[in-house]
Amino acid sequence: MAYNGLKPFISRLREEGELHEIEAEVDPSWEVGAICREVFDRQGPALVFKKVGQHRTPLVVGVFTTLRRYALALGCPPDIQQIRARWDRAYQAPIKPMVVGHEGSPCKQVKLKEVDLYGEPFPVPRWHKQDSNPYLGTFHAVVTRDPETGWTNVGDYRNELRGKDILGLLCIPYRHIGLHWEKWRQLGKAMPIAIAIGVEPYLSLVSVSAVPAGIDEYDIAGALKGEPIQVTQAETSDLLVPANAEIIIEGEVPVDDLLPFEGPFGEFAGYMGDAVANCQYVKVKAVTHQERPYFQATYEGRPPNESTTVRSIGRSMALYRHLVNAGITGIQNVCVTPGGCAGFHAVVAIKKSYPGHVRDVMCNVWGHPTLFCKHVVVVDDDIDPWDPFRVEWAVSTTVRAGRDIEIVKGGKSIMVDPSSPRPRGGFRGAIESDLLGIDATRPVDVYEAMGARFPDSTDPAPELMEEVRRRWKSYGFSD
């Protein structure tokens, strides 16, 4: 089943008992964030807040918090291997978007005559008490285009609410939006931008997934959907925006003017980030939306939460492709772990085949241009990287610290990593950190060099386990 927008997916969640609608009025200055924190900790349902302060546009949060809801969006069982197969097919056979006219585009049903980001349809909460301002985010699709190649980026970038028609925007140089902004700056022209809120689930999943530079997220999202994403031309530029979005904010990003500071905000690492100096901003020029729209957003903070679920899965698939495309053999499975904030910690399962194989994997993970995984654990191919219990068992039974742990001094991390202090002055970009690699594969070669044999596993043989599974019902168990 393909979802042509957010509303059909919300209806599906309601049918599946995966949605909770809050009728009581909630305080946007603190209550929305606190409710989200409690529900995420309980791995609870998606939420619809019917009354955020004086707003009557519903706020939707948490539609992808669990693996089951993620799988519902893709129309497959909640199994990482099947989800990975969907992503593999999407990268191998992308589907270009389909351009439709304004008349058939739900996002064009209402065109606001005056821009007011404090009014309807924007129930924007202050997610954390310490946040400098309310901010849109971070579950929307920000559309920009490379002025030279035409490559369209659909990314996920936070936007601080700074005025009736002003939104903050952090164009970090190594992020794709930063690459685009720099090219517009060199041309001396303001960068056109569109922010699509409440998009069909495939765009939400792709926008946070580290799709390589030069590849249009619309193409990958279409392949996940199984049919083209419908797009339509923006009102104020030639950008193509998601036709089925709930809300579209259009504007431009000046290249000769900056905000003195943005933030601080609560970050995905679970701590408050610093204020950042000299930030870009969006001058909003137009807003269109569906009749009776939903405003979709999500709460950022420590795991577990919706953000870590979607980033963990999408980035794991992207890192898998990165390693395979780099020519590393034997890659079986990859997990950019949710508990590692879906960015700092990766586990890679390999079929080890040559000396230095594990080190090759570590170096290529550390070298990914946008993920900044500073901790890498490499395990054998019979260990599921998504099972932290099995990973810990592998580490505890195969690792000898002096032999199997690699520490690289002076590596890189991102500015929201609280393990290292940021430079003063509202710094943005990469920071220095140490990189950790753990070889948790079985040291078979070390044993053989000593004329010994690594112990056999106590697990029953695979064919015996398969026979037990075949006879499972005869033991009186249900499926």
Long-range neighbours under 8 Å by Cβ, at least six apart or interchain, first residue under 23 Å from L6 (Cβ atoms) and of a type in the set (A, V, I, L, M) within region 203-220, second part of a loop (DSSP other than H, G, I, E, B) and modelled with pLDDT of 95 or more: L203/I229; L205/F64; I220/P94
Selection from region 219-243 of residues that are open to solvent by less than 10 Å² (accessible area, probe 1.4 Å) and touching a strand residue (DSSP E or B) at 6+ places or on another chain (Cβ under 7 Å): I229, V231, T232, A234, L239, V241, P242, A243
Contacts under 6 angstrom Cβ, first residue in region 452-468 being closer than 15 Å to T397 by Cα, partner surrounded by fewer than 11 Cβ atoms within 10 Å (Cβ to Cβ), 6 or more apart: none
Enumeration of residues in region 370-396 that are within 15 Å of G339 (Cβ to Cβ), buried (at least 16 other Cβ atoms within 10 Å of the Cβ) and among the aromatic types (F, W, Y): W386
Qualifying positions in region 9-30 - more than 19 Å from the chain's Cα centre (by Cα), touching a residue at least 12 places away in the same chain (Cβ under 8 Å) and part of a helix (DSSP H, G or I): I10, R12, L13
Unmet criterion (only one of (1) farther than 18 Å from I249 by Cα; (2) surrounded by fewer than 24 Cβ atoms within 10 Å (Cβ to Cβ)) for R315: (2)
Considering residues of region 219-252 that are within 21 Å of the chain's Cα centre (by Cα) and of a type in the set (D, E) only, the residue farthest from F139 (Cα to Cα): D219
Residue count for region 157-209, restricted to those that are farther than 23 Å from L117 by Cβ and part of a strand (DSSP E or B): 0
Within region 178-198, considering residues that are touching a residue at least 60 places away in the same chain (Cβ under 8 Å), open to solvent by less than 10 Å² (accessible area, probe 1.4 Å) and touching a Ser or Thr at 6+ places or on another chain (Cβ under 8 Å), the one farthest from L224 (Cα to Cα): M191
Residues located in region 103-113, provided they are out of contact with any Ser or Thr (no Cβ under 6 Å at 6 or more places or on another chain) and either open to solvent by less than 40 Å² (accessible area, probe 1.4 Å) or at pLDDT 95 or above (or both): P106, Q109, V110, L112
Cβ pairs under 7 Å, 6+ apart, first in region 313-340 and within 14 Å of V378 (Cβ to Cβ), second part of a strand (DSSP E or B) and not hydrophobic (A, V, I, L, M, F, W, C): T337/H345
Residue count, region 385-419 (criterion: closer than 22 Å to I331 by Cβ and touching a strand residue (DSSP E or B) at 6+ places or on another chain (Cβ under 7 Å)): 12
Residues within region 128-153 that are at pLDDT 95 or above, among the β-branched types (V, I, T) and touching a helix residue (DSSP H, G or I) at 6+ places or on another chain (Cβ under 7 Å), tallied: 3
Which listed residue, of V310, V365, V361, V284, is in contact with a Gly (Cβ under 9 Å, 6 or more places away or on another chain), over 27 Å from I405 (Cα atoms) and open to solvent by less than 20 Å² (accessible area, probe 1.4 Å): V284
Members of region 144-154 found to be part of a strand (DSSP E or B) and touching a His at 6+ places or on another chain (Cβ under 6 Å), listed by number: T144, N153
Residue within region 370-387 that is in a loop (DSSP other than H, G, I, E, B), of a type in the set (F, W, Y) and at pLDDT 95 or above present: yes
V60 at pLDDT 95 or above and assigned to a strand (DSSP E or B): yes
Matching residues, region 412-458, being acidic (D, E) and either in a loop (DSSP other than H, G, I, E, B) or modelled with pLDDT of 85 or more (or both): D417, D434, D439, D445, E448, D456
Total residues in region 116-143, condition in a loop (DSSP other than H, G, I, E, B), over 16 Å from M272 (Cα atoms) and touching a residue at least 40 places away in the same chain (Cβ under 8 Å): 10
Whichever residue in region 31-46 is free of Cβ contacts under 8 Å to residues at least 60 places away in the same chain and in contact with a Leu (Cβ under 8 Å, 6 or more places away or on another chain) and, among such residues, is surrounded by the fewest Cβ atoms within 10 Å (Cβ to Cβ): I35
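The values are calculated or read from the model by the stated rules, or taken from the named source; none is laboratory data. Fair warning: this is a prediction, and the values are worked out from it, not measured in the lab. Using ideal geometry, Cβ is built from the backbone for each residue, glycine included, and neighbour counts are taken over all protein chains shown. Accessible surface is based on the protein model in full, side chains and every heavy atom, while ligands, DNA and RNA are left aside. Shrake-Rupley method; radii C 1.70, N 1.55, O 1.52, S 1.80 Å.
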